[in-house]
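Accompanying notes for the structure given below.
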Amino acid sequence: MLTVAGAAERLGITTRRVQYLVAGGILTSPARGVIDELPVERYLATRGGFRWRAWQEATAWGAVALLSGREVNWMGNTQQSRLRGQLRTVNAAELVGRARERAAVSRYTGHTGTADRLRGQVVDTSAAAESLGLTATAAVDGYVATGALDGLVAAHGLIHDEAGPFTLRATGMPLDVVARLAHTAPVLAALDLAESLDVREEGPASTP
């Protein structure tokens with residue numbers, strides 16, 4: 001746990017900004033005056049030290065698609081051309097920071113027998129992650145439609161837990177598009193892994 005002042009110092013922002021991030025659900029405050037350290041570290045990992053402004057959701061998915069060699073039929077030609085120009089100059093860390101708004105990420109814990117059932121109801125990126133050289137894991141990390149998240153959490157009795165083994169990424173992008181991107185190239189999996197604080201994942205995640 002961190003104090004509010006400690007979290008502000010770690011992030012290089014004001015305590016007022018920390019409180020704003022807590023109110024927005026980005027950081028977690030389990031008790032008055034304290035901040036959960038895990039969301040702070042993840043926020044640092046994905047925000048690139050606040051150096052890069054995030055793309056909007058559709059643009060972030062457009063970047064994933066272009067890097068995966070897929071069509072981007074939800075963006076106009078001019079937008080795609082501009083995005084291609086940006087992608088020619090971004091490095092891995094900047095890409096992670098700019099693409100962070102592709103989904104809202106929540107982590108949960110639940111019954112150990114939930115994993116297989118839950119994995120079948122999300123767009124699971126574990127196969128692509130294993131193609132990057134990672135070992136298989138019992139954890140679940142997958143995409144779900146924004147409107148289906150609450151129902152999925154209730155159906156499986158999941159409990160919000162920043163250190164939990166179930167990561168759900170709620171997105172407004174149609175899941176058939178997400179599935180194609182998840183299963184045809186490792187770009188999406190690499191971006192997901194860049195948010196992980198698991199030492200097992202840090203190496204592959206540094207080069208999406």
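The values are calculated or read from the model by the stated rules, or taken from the named source; none is laboratory data. Bear in mind the structure is a predicted one, so any value in this text is a computation, not a measurement. Backbone-built Cβ (ideal geometry, glycine too); neighbour counts: all protein chains shown.
Quick notes
- Any hit, segment 16-28, residues being touching an Asp or Glu at 6+ places or on another chain (Cβ under 9 Å) and in contact (Cβ under 8 Å) with a residue 24 or more places away in the chain: yes
- Looking at Leu83, Leu27, Leu21, Leu11, just one residue is crowded, with 18+ Cβ neighbours inside 10 Å and either in the same structural domain as Ala148 (by TED's automatic domain parsing) or within 17 Å of Met173 (Cβ to Cβ) (or both), and that residue is Leu83.
- Check on Ala54, part of a helix (DSSP H, G or I), surrounded by 16 or more Cβ atoms within 10 Å (Cβ to Cβ) and at pLDDT 80 or above: no
- Given (1) of a type outside the set (Lys, Arg); (2) in contact with a strand residue (DSSP E or B) (Cβ under 6 Å, 6 or more places away or on another chain); (3) under 30 Å from Ala182 (Cα atoms), index of the condition Ser29 fails: (3)
- None of Arg42, Arg32 is touching an Asp or Glu at 6+ places or on another chain (Cβ under 7 Å) and not assigned by TED's automatic domain parsing to the domain that holds Leu188 except Arg42.
- Arg107 meets all of the listed conditions (1) crowded, with 18+ Cβ neighbours inside 10 Å; (2) out of contact with any strand residue (DSSP E or B) (no Cβ under 7 Å at 6 or more places or on another chain) but one, namely (2).
- Tabulated pairs, segment 80-98, first closer than 21 Å to Ala189 by Cα, second among the polar types (S, T, N, Q) and not in a helix (DSSP H, G or I), C-beta under 8 angstrom, 6+ apart or interchain: Ala92/Ser206; Ala92/Thr207
- Whenever a residue of segment 34-49 is under 11 Å from Leu11 (Cα atoms), its partners that are of a type in the set (Gly, Ala, Ser) and at pLDDT 75 or above, lying with C-beta atoms within less than 7 angstrom and at least six residues away or across chains, give the pairs Val40/Ala7; Ala45/Ala194; Arg47/Gly97; Gly48/Ala93; Gly48/Gly97.
- Boolean, Val40 is surrounded by 15 or more Cβ atoms within 10 Å (Cβ to Cβ), within 15 Å of the chain's Cα centre (by Cα) and modelled with pLDDT of 95 or more: no
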